[in-house]
Amino acid sequence: MPNRPEDDERDDDLHEDEDVEEQDQDEEDDDVGDEWKPPNEYEWRKVQRALKRANKEAENLRRNSETVDDADKEENEKKIRQEAAKESDARWKPVVVKQAARAALAEAGLIKNPNRLLKMLDMDDIDVSEDGEIDGLDEQIRDFKKEFPEFFGRRTSKDVDGGDKGSRGGRGKGSADLIARTLTGGR
């Protein structure tokens, strides 16, 4: 009689079951000799020493991780402070420097509008200390005076005299003469 597909499947299932039973038997044979035995005193002490060493090592690692965490916190705080200082400088430094530059330019004898020169200031070369001292501004103003001498000079008042310098008779027309004439009735 020819083999039917159903018979082939049954044979395969039987072979698999036999293989599983053999593996189970092998495992049982291996487990027979592995019964639990309490450790002897030497083994017990050895395990206890290893446990103490492991606990000490774990404690050291915890301490080191706390130290590292503290160092990380300090480093993060330092970065935050530096960023805040940079932000503050970026925000207030130009205002402070421009005001100081206006005063310094006026003192240096600037006779023109200072806005053109203020735009040319190199803010990177100028430092503002915590005391409010401004370093680097004087050098830039000296450079401006050399490069743009026409912007600088002493403001001088033009000779202004209230008196008449014309040739109208010999009568003085100064303020003192006018007052005197008014008081004397024009004589």
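Brief remarks follow.
- For residue 88, the criteria (1) modelled with pLDDT under 85; (2) open to solvent by 100 Å² or more (accessible area, probe 1.4 Å); (3) in a helix (DSSP H, G or I) hold in every case but one, which is (2).
- For segment 32-39, the condition holds for no residue, the condition being that it is surrounded by 10 or more Cβ atoms within 10 Å (Cβ to Cβ) and within 20 Å of the chain's Cα centre (by Cα).
- Any hit, segment 64-71, residues being among the small types (Gly, Ala, Ser) and surrounded by 10 or more Cβ atoms within 10 Å (Cβ to Cβ): yes
- Filter pass, residue 142 being among the basic types (Lys, Arg), open to solvent by 90 Å² or more (accessible area, probe 1.4 Å) and at pLDDT below 85: no
- Per-region count, segment 119-129, residues over 15 Å from residue 87 (Cα atoms) and aliphatic (A, V, I, L, M): 3
Let's see how each residue does on (1) more than 30 Å from residue 152 (Cα to Cα); (2) modelled with pLDDT of 90 or more; (3) out of contact with any helix residue (DSSP H, G or I) (no Cβ under 8 Å at 6 or more places or on another chain); (4) part of a helix (DSSP H, G or I):
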| residue | (1), (2), (3), (4) |
| --- | --- |
| 49 | yes, yes, yes, yes |
| 67 | yes, no, yes, yes |
| 74 | yes, no, yes, yes |
| 77 | yes, no, yes, yes |
| 94 | no, no, no, yes |
| 101 | no, no, no, yes |
| 113 | no, no, yes, no |
| 118 | no, no, no, yes |
| 130 | yes, no, yes, no |
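- Cβ separations smaller than 6 Å between residues 6+ apart or across chains give the following pairs from segment 130-145 residues that are over 17 Å from residue 86 (Cα atoms) to residues that are open to solvent by 40 Å² or more (accessible area, probe 1.4 Å) and assigned to a helix (DSSP H, G or I): 136/125.
- Restricting the first member to segment 104-116 and to residues that are on the phi < 0 side of the Ramachandran plot and open to solvent by less than 20 Å² (accessible area, probe 1.4 Å), and the second to residues that are assigned to a loop (DSSP other than H, G, I, E, B) and not hydrophobic (A, V, I, L, M, F, W, C), the beta-carbon pairs closer than 8 Å and six or more apart or on different chains are 105/114.
The values are calculated or read from the model by the stated rules, or taken from the named source; none is laboratory data. A quick note: this is a predicted structure, and the numbers were derived from the prediction, not measured. We place every Cβ from the backbone using ideal geometry, glycine too, and count neighbours over all the protein chains shown. For accessibility, only protein heavy atoms count, side chains too; no ligands or nucleic acids. Shrake-Rupley method; radii C 1.70, N 1.55, O 1.52, S 1.80 Å.
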